[in-house]
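Each remark here refers to the structure printed beneath this line.
What follows is calculated from the coordinates using simple rules that are stated; it is not laboratory data. Fair warning: this is a prediction, and the values are worked out from it, not measured in the lab. All Cβ positions, glycine included, derive from the backbone under ideal geometry; neighbour counts span all protein chains shown.
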Amino acid sequence: MGWWCGVGAHSNSYRLVPFYCIYFEDMLANFIIDRYFAANNACNLINGLIIFMFIGGRIVPRFQELTPEKLGRAGLVREKSFGTTKDKMLYIEHCANSRAVTIFIRGGNKMMIEETKRSIHDALCVARNLIRNNSIVYGGGSAEISCSIAVEAAADKYPGVEQYAIRAFADALDSVSIALAENSGLQPIETLSAVKSQQIKENNPHFGIDCNDVGTNDMREQNVFETLIGKQQQILLATQVVKMILKIDDVISPSDY
């Protein structure tokens, strides 16, 4: 059994052609391919649903219910081979829903492909976060330094032992800027102290770590920013992990059994 995509016209034609997916047995699939279809390609359920979205088609449970308005439309359907292994891929172009696109990644080895996929996924997540919430904060550790200054100021309002936990939270926020400075080959403590004093002196939360050695610590001038929703999730998840660890009141080692 399998999902099969069928094309009811010549695959090299640019004119609109009916394109539909039907779920049937392999024997029937081979018969229909030999008699009626000019191009075909096997696909799974998820890919079949995505193709339906692209071409504007509808899922039909029975052959008797096939009507022209339920068939999707594509301007060009063609099959291409790639690489030395001649891997075949079906191209469906000029679809009814032209807002959807497919990113095709090729590389010299699997590690390069996986790294490229991860980078593209990260970029798409940034775009998704901006669509959900278009608010941004400036990067380079400037947001963490500004939050650290605010948390330290709030700690002074607590006279008891609670202020030590609040100051520890502020120190944890500084660790992000320290890591950025270390990775950039800078002196971490000196760089953090200079940027933090610059923020307090000029009352400007845009100052961060100059990782690219541009010559200015103003992340607004360097056009370095992050999504607000992403930064909120980072701090929230890190806080939840620490709270989970603090709830552990005992550790059982294998020698205790």
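Tabulated data
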| item | result |
| --- | --- |
| Computed E for residue 81/residue 124 - FRET, C-beta separation, R0 45 angstrom, nearest 0.05 | 0.95 |
| Inter-site label distance for residue 89 and residue 194 at 7 Å from Cα along Cβ, in nm | 4.7 nm |
| Sequence-distant residues sharing a close amide H with residue 186 (under 5 Å, placed H) | none |
| Packing rank of 234-244, 101-111, where each peptide gets the mean count of other beta carbons within 10 Å, highest leading | 234-244, 101-111 |
| Those lysines that a straight Cα-Cα span of less than 23 Å connects to residue 110, excepting residues fewer than 8 apart in one chain | 80, 86, 88 |
| Sites residue 117 and residue 187 - FRET efficiency at Förster radius 41 Å, r taken between beta-carbons, to 0.05 | 0.70 |
| Length added when fully stretched, residue 133-residue 53, from 0.36 nm per residue minus Cα-Cα | 26.2 nm |
| Gained length - residue 162 relative to residue 105, 0.36 nm times residue gap less alpha-carbon distance | 15.3 nm |
